[in-house]
Amino acid sequence: MATTRMDLDGRPIKPITICMIGAGGFIGSHLCEKLMSETPHKVLALDVYNDKIKHLLEPDSLPWAGRIQFHRLNIKHDSRLEGLIKMADLTINLAAICTPADYNTRPLDTIYSNFIDALPVVKYCSENNKRLIHFSTCEVYGKTIQSFLPKDSPLRQDPAYYVLKEDTSPCIFGSIEKQRWSYACAKQLIERLVYAEGAENGLEFTIVRPFNWIGPRMDFIPGIDGPSEGVPRVLACFSNNLLRREPLKLVDGGQSQRTFVYIKDAIDAVLLMIENPDRANGHIFNVGNPNNEVTVRQLAEMMTKVYTKVSGEPALESPTIDVSSKEFYGEGYDDSDKRIPDMTIINKQLGWNPKTSLWDLLDSTLTYQHRTYAEAIRKAMVKPTAS
Ligand SMILES: NC(=O)c1ccc[n+]([C@@H]2O[C@H](COP(=O)([O-])OP(=O)(O)OC[C@H]3O[C@@H](n4cnc5c(N)ncnc54)[C@H](O)[C@@H]3O)[C@@H](O)[C@H]2O)c1
Ligand SMILES: O=c1ccn([C@@H]2O[C@H](COP(=O)(O)OP(=O)(O)O[C@H]3OC[C@](O)(CO)[C@H]3O)[C@@H](O)[C@H]2O)c(=O)[nH]1
């Protein structure tokens, strides 16, 4: 006899149907796994691809068979979208071009994907009184105020100048020719549109600002399950370098700082948002781990140590190499200097805190990477390249 699951206010959680746009991606695949294995909810999984959720869709003997349906569609131009949103109680929009290598090289696609293509999703939810959870990014904060202070200013030590807080921190981007910011600016404007639909038309919305969620199935390994010339996000870039026994490339010396949170911790936060609408509606949430801050150089050093443990292979004599952002990303790149999430609002509303240390999440993730890719890379490296 299944026990009734209760929300944070002690009320029974009723099963719902969720229209998840971008369900075939990194976050979507982990969210689908969580929903299928731990809840009674149904998922309409919309995406152009389903490689990362195939294990949830087949065979028909799976315990959740019938609770997840995959719909292969591109929301840019598909008349089925409104009907699928109307069939669901809640829409979660994850769809985006969200790899920094694209922002300054494909700025139009980036802006269309993160703003224009999201417009009908917001419109259909608002017009049909459907709840929306929209995925934005920590990148909407851009650069910290601290980064503009003189290097010797004592104010640099004051958290007010670098901790990022949903309801008070400004959004600070570089100049227009720094086209890296095409993504963050598109995300900022869609946030403002969602917020305005809430204020003017009563849309029940929640906005999520992920702070570098990492884990298995993030992006792709170039030349194995993605284009050889592709440039994924840093976890996959560094994993690819480690798997191929190449030095890890540190853009502009790897001085930028990031906080990384384990995907499985972050998905717990999303499930709390889904199942506690009274506590989540109307809020913007930072979802990250302020305890896991490193420079990119420190991340490279830690991943090198963990990979040596996981693979049994000794590290290279020179495990890293500095590269310029112009060489690595091209013209128009710029960067966030530091991303520490303020956790006040998510603690108060949902009582959520991350659990997993950076070392532990890298251990489980690099174990997955090595198990999944090492053999394919070994074969690719011995095969003579076409002359
Ligand atoms: N992973 C993170 O750390 C992180 C950080 C900040 C923001 N985000 C945001 O979270 C969301 C999900 O990120 P992710 O890491 O899972 O990325 P992802 O690239 O793995 O997943 C995005 C998915 O959306 C799909 N998609 C894109 N355009 C589509 C379209 N027009 N029609 C249908 N499907 C489409 C893609 O096929 C892909 O499967 C994105 O909005 C991203 O901006 C993620
Ligand atoms: O080989 C590499 C790859 C990257 N870097 C540097 O690492 C930092 C992080 O880069 P990345 O993971 O690609 O992405 P960002 O953190 O800059 O931005 C992402 O964060 C959230 C999201 O919105 C979606 O995931 C996206 O915008 C950065 O400093 C790179 O220059 C490296 O040194 N070497």
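The values are calculated or read from the model by the stated rules, or taken from the named source; none is laboratory data. Predicted model, so just to flag it, every value in this text is computed and none were measured. Virtual Cβ from ideal backbone geometry, glycine too; neighbours counted across all protein chains shown. Ligands, DNA and RNA are excluded from the accessible area calculation, which covers all protein heavy atoms including side chains. Shrake-Rupley method; radii C 1.70, N 1.55, O 1.52, S 1.80 Å.
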Residue identified as within 18 Å of the chain's Cα centre (by Cα) and within 14 Å of ligand 2 (Cβ to nearest atom) among Pro290, Pro354, Pro341, Pro319: Pro341
Hits in the range 312-336 (condition: part of a loop (DSSP other than H, G, I, E, B) and surrounded by 17 or more Cβ atoms within 10 Å (Cβ to Cβ)): Pro319, Gly332, Tyr333, Asp334, Asp335, Ser336
Residue that is farthest from Asn292 (Cα to Cα), among those in the range 339-384 that are assigned to a loop (DSSP other than H, G, I, E, B) and free of Cβ contacts under 8 Å to residues at least 24 places away in the same chain: Pro384
Some residue of the range 365-382 being within 16 Å of ligand 1 (Cβ to nearest atom) and closer than 19 Å to Ile267 by Cα: yes
The lone exception for Thr344 - which of (1) among the β-branched types (Val, Ile, Thr); (2) closer than 30 Å to Glu166 by Cβ; (3) touching a helix residue (DSSP H, G or I) at 6+ places or on another chain (Cβ under 7 Å) it fails: (3)
Only listed residue being of a type in the set (A, V, I, L, M) and closer than 22 Å to Leu189 by Cβ, chosen from Ala95, Ala88: Ala95
Residues (open to solvent by 70 Å² or more (accessible area, probe 1.4 Å), without any contact (Cβ under 8 Å) to a residue 60 or more places away in the chain, within 28 Å of Ile133 (Cβ to Cβ) and in contact with a helix residue (DSSP H, G or I) (Cβ under 8 Å, 6 or more places away or on another chain)) located in the range 144-184: none
Residue list for the range 6-23, restricted to those being within 16 Å of ligand 1 (Cβ to nearest atom) and under 13 Å from Ile68 (Cβ atoms): Ile18, Cys19, Met20, Ala23
Filter result (among the small types (Gly, Ala, Ser) and within 13 Å of ligand 1 (Cβ to nearest atom)) within the range 237-277: Ala266, Ala269
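Does Ile13 satisfy the criteria of being in contact with a Lys or Arg (Cβ under 6 Å, 6 or more places away or on another chain), of a type in the set (A, V, I, L, M, F, W, C) and over 20 Å from Asn114 (Cα atoms)? Break it down into steps so the answer makes sense when it comes.
On the way: in contact with a Lys or Arg (Cβ under 6 Å, 6 or more places away or on another chain): yes; of a type in the set (A, V, I, L, M, F, W, C): yes; over 20 Å from Asn114 (Cα atoms): yes.
So Ile13 fits the description; yes.
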Counted residues, the range 1-23 - those being touching a residue at least 40 places away in the same chain (Cβ under 8 Å) and small (Gly, Ala, Ser): 2
Flag for Ser336 being touching a strand residue (DSSP E or B) at 6+ places or on another chain (Cβ under 9 Å), away from ligand 1 (no atom under 16 Å from the Cβ) and among the hydroxyl-bearing types (Ser, Thr, Tyr): no
First in the range 188-212 and touching a residue at least 40 places away in the same chain (Cβ under 8 Å) and of a type in the set (Lys, Arg), second anywhere and crowded, with 22+ Cβ neighbours inside 10 Å and part of a helix (DSSP H, G or I), Cβ under 6 Å, 6 or more apart: Arg209/Cys138
Matching residues, the range 46-70, being of a type outside the set (Asp, Glu) and within 24 Å of Ile221 (Cα to Cα): Leu46, Val48, Tyr49, Asn50, Lys52, Ile53, Lys54, His55, Leu56, Leu57
